[in-house]
1. If you scan the range 132-177, which residues turn out to be over 18 Å from residue 95 (Cα atoms), among the basic types (Lys, Arg) and surrounded by 14 or more Cβ atoms within 10 Å (Cβ to Cβ)?
2. When residue 137 is evaluated against the numbered criteria (1) without any contact (Cβ under 8 Å) to a residue 40 or more places away in the chain; (2) not in a strand (DSSP E or B), which criterion, by number, is the only one it fails?
3. Residues in the range 32-50: is at least one surrounded by fewer than 16 Cβ atoms within 10 Å (Cβ to Cβ) and touching a Ser or Thr at 6+ places or on another chain (Cβ under 6 Å)?
4. What are the residue pairs meeting all of these: first residue in the range 147-173, first residue in the same structural domain as residue 116 (by TED's automatic domain parsing), second residue assigned to a helix (DSSP H, G or I), Cβ atoms under 7 Å, and 6 or more apart or on different chains?
5. Which of the following residues is over 26 Å from residue 154 (Cβ atoms) and either in contact with a strand residue (DSSP E or B) (Cβ under 7 Å, 6 or more places away or on another chain) or not aliphatic (A, V, I, L, M) (or both): 66, 76, 124?
6. Among 80, 84, which is the only one that is modelled with pLDDT of 95 or more and closer than 30 Å to residue 127 by Cα?
7. Confirm whether residue 201 is of a type outside the set (S, T, N, Q), within 19 Å of the chain's Cα centre (by Cα) and closer than 22 Å to residue 77 by Cα.
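The values are calculated or read from the model by the stated rules, or taken from the named source; none is laboratory data. This one's a predicted model, so the numbers in the text were calculated from it and none came from an experiment. All Cβ positions, even for glycine, are placed from backbone atoms using ideal geometry, and neighbour counts span all protein chains on display.
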Amino acid sequence: MSTILAIETATPHGSVALLYNNKLICELFTDNTQTHAATLLPTIEQLCSITQTDIQSVDGIAVSIGPGAFTGLRVGISTAQGLAQTLKLPIFPIPTLEAFAHSITQTKTPIFITLDARKDEIYGALFRWTDKELVRLIPESALTPEGWSGLLSQTIQKPFTVIGSGYKKYEEFFRETFRERITGISNHNAIPRALNVGLLASGRGKRPEEIKPIYLRYC
């Protein structure tokens, strides 16, 4: 039996969640009009208060490690490291796009997960469900929309599903390029969530100093 605190700060729409034996107890979203540095710890405190959970009873911390916004990732990871070090807990580093992909289960088509990387680029990865396992077809990369168009065309010839802020920003381009082959999900709820980060926490975890972000680029 285990209680996991999950942290997602790869985008401006941050969230924290508490899970018990892989079942959600509560999930809260941070105020995206403020920085994660200002909202993350107060939201964790609110989560513990609402669920009447003593932070010292948590068995591990799952944290989203990117790719995503540099500052958000640093805040989330450093917060997880600080809590884990103080409470002597393992950390479960979870790739952001993989966790995001786990929110899309009702499809047999490949899933193109995207985040707006700014500077005319998209963070993305392509996945596919095989039975109950999620398989990477294209690993996490930072490319222009045109770069993704070429790579996707080389990798898959069948219809696929696309989701995330990268798609939302360049929706017209992708629809014109792939036409009927693409099924887009662009609603406001299509964001990475702490719930899915927590659901992927398994194994022994790692020590705080072993956690490294997935940046893909450094400027």
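1. Selection gives 168, 169, 175.
2. So the condition that residue 137 fails would be (2).
3. No.
4. So the pair list comes out as 149/177; 159/181; 160/181; 162/174; 164/100; 167/174; 170/145; 173/145.
5. On the way: 66 fails: over 26 Å from residue 154 (Cβ atoms); 124 fails: over 26 Å from residue 154 (Cβ atoms).
So the residue among 66, 76, 124 that is over 26 Å from residue 154 (Cβ atoms) and either in contact with a strand residue (DSSP E or B) (Cβ under 7 Å, 6 or more places away or on another chain) or not aliphatic (A, V, I, L, M) (or both) is 76.
6. Working: 84 fails: closer than 30 Å to residue 127 by Cα.
On inspection, the qualifying residue turns out to be 80.
7. On the way: of a type outside the set (S, T, N, Q): yes; within 19 Å of the chain's Cα centre (by Cα): yes; closer than 22 Å to residue 77 by Cα: yes.
Spelling it out, residue 201 is indeed of a type outside the set (S, T, N, Q), within 19 Å of the chain's Cα centre (by Cα) and closer than 22 Å to residue 77 by Cα.
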